[in-house]
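Each reported figure results from applying straightforward, stated rules to the coordinates on display, with no laboratory input. Remember, it's a predicted structure, so these values are computed and weren't measured experimentally. Neighbour counts are summed over all protein chains in view; Cβ atoms, including those assigned to glycine, are modelled from backbone coordinates with ideal geometry.
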Number of protein chains: 2
Amino acid sequence: MATTMKPSPFAPKSLPKLPVIDGVQFGTAEANVRYKGRTDLMLALMVPGTVAAGVTTTSKTCSAPVLWCREQFKHGRARALVVNSGNANAFTGKKGVEAVDVTVAQTAKTLGCEAGEIYVASTGVIGEPMEGSRIADAMPALAKSVKGEAWEAAARAIMTTDTYPKLALAKVEIGGVEVTIGGFCKGAGMIAPDMATTLGFVFTDAAIAQPVLQRLVSAIAGRTFNCITVDSDTSTSDTLIVFATGTSTKRKAPEIRDMSDPNCGAFAGALEGVIKDLALQVVKDGEGLTKFVTVQVYGAENDRAAHRIAMSIANSPILKTAIAGEDPNWGRVVMAVGKSGEAADRDKLAIWFGPHLVAVDGERAPGYVEKTVAGYMKAGEIVIRCDVGIGGGVATVWTCDLTHDYVSINADYRS
Amino acid sequence: MATTMKPSPFAPKSLPKLPVIDGVQFGTAEANVRYKGRTDLMLALMVPGTVAAGVTTTSKTCSAPVLWCREQFKHGRARALVVNSGNANAFTGKKGVEAVDVTVAQTAKTLGCEAGEIYVASTGVIGEPMEGSRIADAMPALAKSVKGEAWEAAARAIMTTDTYPKLALAKVEIGGVEVTIGGFCKGAGMIAPDMATTLGFVFTDAAIAQPVLQRLVSAIAGRTFNCITVDSDTSTSDTLIVFATGTSTKRKAPEIRDMSDPNCGAFAGALEGVIKDLALQVVKDGEGLTKFVTVQVYGAENDRAAHRIAMSIANSPILKTAIAGEDPNWGRVVMAVGKSGEAADRDKLAIWFGPHLVAVDGERAPGYVEKTVAGYMKAGEIVIRCDVGIGGGVATVWTCDLTHDYVSINADYRS
């Protein structure tokens with residue numbers, strides 16, 4: 001459990017200080033859903049007029065909260081987000097649906113809004129029946145306790161095996177008016193998001209039409225959260241939601257109404273910065289990691305092929321353990337390219353570990369010096385580059401090594 | 001390295017004693033290809049008239065020996081098999097091809113046969129240039145040392161991280177005459193064979209037309225070696241070859257000429273028994289394992305979907321570590337079904353751990369008692385069954401748990 005774990009070597013020395021975003025407030029509570037003696041419930045309240053857009057896991061066994069959120073994205077009106085940790089409320093049958101219903105009904109009653117304006121997410125053990133009443137009971141007091149500055153407390157309340165809270169911030173000018181984008185996320189294991197993420201929540205005072213926001217979020221997720229992997233395992237609960245309050249219009253910020261709006265590019269760039277920052281923080285807190293690894297693939301048949309090859313490299317247990325052992329075992333990169341099933345020209349394949357060319361033209365590079373590359377492997381951040389020699393497809397994905405601590409953490413997660 | 005490893009808990013108490021097969025002899029040598037102080041070269045000699053059929057890895061970065069063998073399967077005449085351990089001769093460019101050429105040329109010269117009648121396989125480190133001369137230099141003496149009974153020595157010479165030699169035997173009557181099928185294989189890590197295996201070699205005195213043998217081997221590989229996984233990583237060198245000397249015709253055994261031959265079924269059944277035995281021994285020597293796990297999937301859309309779901313379960317790092325921790329964390333089976341991408345009806349899904357129904361109708365089974373199932377998880381052999389509630393597709397695959405020792409073995413394989 002989280003309490004006994006060593007902090008990630010990539011835990012930030014200090015957490016970013018996020019400012020209050022007009023129209024967004026956070027509260028946390030100890031609802032005892034599963035954990036004892038720590039906060040496990042987070043409420044984010046948003047002003048009327050807020051829109052929400054999001055993406056969720058493609059898992060065929062997704063959780064009840066995921067199914068609920070998918071329905072609400074269709075209209076995208078939002079007043080609140082309720083997230084608990086400790087229980088994923090996944091594979092919990094009718095009781096799971098009831099837990100969502102109880103949660104949103106109580107929250108809507110407390111706030112005086114519609115149930116459909118409440119978004120929910122749950123993270124933790126799969127298959128354990130969840131008592132929605134614990135959340136509902138805590139709601140009235142929780143709703144009174146919210147504060148605009150409580151970002152860090154909110155990020156901490158949704159942690160499971162995370163060793164640090166993950167926060168990110170960007171500011172961008174829209175029509176000469178500064179708007180703020182802030183967010184947080186959680187995740188450390190069961191990380192190979194597919195069209196979404198573990199839990200990630202982003203808030204902004206930007207004014208943006210919901211369909212435009214949805215298009216941006218879907219595209220950005222494809223380049224960020226869908227490009228990270230800790231252990232190749234895809235959660236039943238992955239959810240990324242961006243909430244936009246529109247409150248910056250009070251300060252004369254213009255609304256972004258469509259993709260061709262000149263302000264859309266600037267906003268999209270800032271939003272991608274925040275979401276990518278959060279995604280990389282998930283990898284940097286990968287269960288048991290000692291190394292943060294960037295995998296770049298060039299020369300694939302197309303970008304999709306490049307992504308598959310990069311994921312095949314990033315998910316190879318036998319390569320990830322070699323990286324943990326600081327062994328520049330580039331033959332295992334060759335193996336991973338080969339098993340991906342994508343086209344690769346063995347005799348044009350080239351591999352770099354950081355600045356060091358280790359393989360070229362289908363064999364070990366002429367200038368390869370094992371000792372030099374072994375020295376490079378001692379770094380905390382490793383870059384593996386691979387040119388597969390076929391076409392113009394490129395991809396970058398991020399992962400971590402596979403260590404004894406990953407085994408320890410997951411051998412007794414529930415005990 | 002092999003020398004420092006604990007034996008698998010599934011290592012056999014005693015090795016099967018294989019009889020001499022008429023027309024087949026084995027020799028081994030210390031050729032110092034990479035290892036010192038142990039045998040690392042194996043020669044199997046077969047009488048003229050022997051046919052060979054095989055399957056090899058589908059890796060796009062397959063080794064030079066794999067490419068050589070594929071060419072020879074087209075005619076299927078065989079006189080010898082040469083296998084070295086320590087160096088996979090994969091991703092070794094022109095030097096790799098030269099090493100094969102030197103090996104087969106010297107062997108053919110020594111035996112007085114054609115180069116195309118020599119089959120080669122190499123296993124060990126990928127990307128290290130290989131000196132074919134070490135094998136060629138050892139060949140003349142090696143060819144003189146062969147003996148019909150030297151099965152165990154042959155199986156030992158091809159080991160890498162294996163903790164025990166893997167041998168299997170069957171006898172079957174063909175037209176009232178007993179024929180023998182014996183084989184051995186190696187493999188412990190980088191095991192997720194695709195259309196083939198790690199290295200597996202089977203010998204028989206049966207008389208069988210090469211095209212018939214090839215069809216049998218391809219089909220059997222699909223049900224055996226292609227259904228095992230240790231770590232989801234597919235080797236560049238996977239090779240399974242069956243050699244049939246036809247020497248049983250001297251004892252009046254009839255030749256099997258086509259698939260509809262009444263003797264074909266009996267032979268195929270015995271051959272599958274030997275190959276399956278070898279495949280399961282690979283899993284039972286999976287690097288660092290403490291548990292042998294059978295995964296059975298029912299109710300999938302079709303057999304192919306069932307196989308994918310079973311492999312998704314068998315390859316999930318987060319589930320495999322839970323099994324190592326003896327934690328009946330069946331929620332991770334739900335996760336693995338969900339991420340497979342294959343159709344599954346969450347509300348009809350049922351999961352058993354051994355005899356214990358743990359989940360049914362989309363939630364935890366009513367009679368589930370954690371303590372009882374946790375007790376079951378202490379066994380060495382675990383069976384996970386899963387009905388996905390869609391159709392009639394079934395599949396069985398075999399795997400092992402993911403332990404600290406897997407990480408240790410692969411963090412310093414080359415050092």
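Quick notes on this structure:
- The protein assembly as shown: C-alpha gyration tensor shape, a/c 1.5 cut-off, then a/b vs b/c: prolate
- With a simple spin-label model that places each label point 7 Å from the Cα along the Cα-to-Cβ direction, the separation between B:Arg70 and A:Ala153 comes to 6.3 nm.
- Were the residues from B:Ala115 through B:Lys144 laid out at 0.36 nm apart, the gain over their Cα-Cα distance would be 8.6 nm.
- In region A:292-411, the ratio of gyration radius to Kirkwood radius, Rg to Rh, stands at 0.97 when only Cα atoms are counted.
- Pairwise centroid distance, computed over Cα atoms, of region A:296-321 with region B:106-165, Å: 34 Å
- Remark: relative contact order (chain B) = 17 percent; criterion is Cα-Cα distance under 8 angstrom and separation of 6 or more residues.
- Antiparallel beta bridges, as assigned by DSSP with both residues in region A:2-283, represent about 70 percent of the total such bridges.
- Membrane-span-like helices in chain B, defined here as complete DSSP H runs extending at least 30 Å along the helix axis by their C-alpha atoms with mean Kyte-Doolittle hydropathy no lower than 0.5, are B:262-283; this is a sequence and geometry rule, not a statement about a membrane.
- Taking amide H atoms as placed 1.01 Å from N in the peptide plane, the amide H of A:Val383 lies under 5 Å from those of A:Thr294, A:Gly354, each 5 or more residues away in sequence or on another chain.
- Spacing of the modelled spin labels on A:Ala11 and B:Arg304, each 7 Å from Cα toward Cβ, amounts to 4.8 nm.
- Our Cα-only numbers for region A:2-283 put the radius of gyration and Dmax at 17.2, 50 Å.
- Virtual paramagnetic centre 7 Å along Cα→Cβ of A:Tyr376, amide N under 14 Å, in region A:285-320: A:294-296
- Rg and Dmax of region A:60-183, both derived from C-alpha coordinates alone, stand at 15.8, 50 Å.
- Long pairs among A:Lys166/A:Lys252; A:Lys320/A:Lys371; A:Lys6/B:Lys60, criterion Cα-Cα beyond 28 Å: A:Lys166/A:Lys252; A:Lys6/B:Lys60
- Farthest toward positive dipole pole in region B:2-283 [+1 Lys/Arg, -1 Asp/Glu at C-beta], among B:Pro165, B:Ala266, B:Cys69: B:Pro165
- Among the trypsin sites (Lys or Arg not before Pro) found in region B:58-137, those both in a DSSP coil and sparsely packed, with 13 or fewer other Cβ atoms within 10 Å of their Cβ, are B:Lys74.
- Annotation: the residues A:Tyr35, B:Tyr164, sorted from fewest to most other C-beta atoms within 10 Å of their own C-beta, follow the order B:Tyr164, A:Tyr35.
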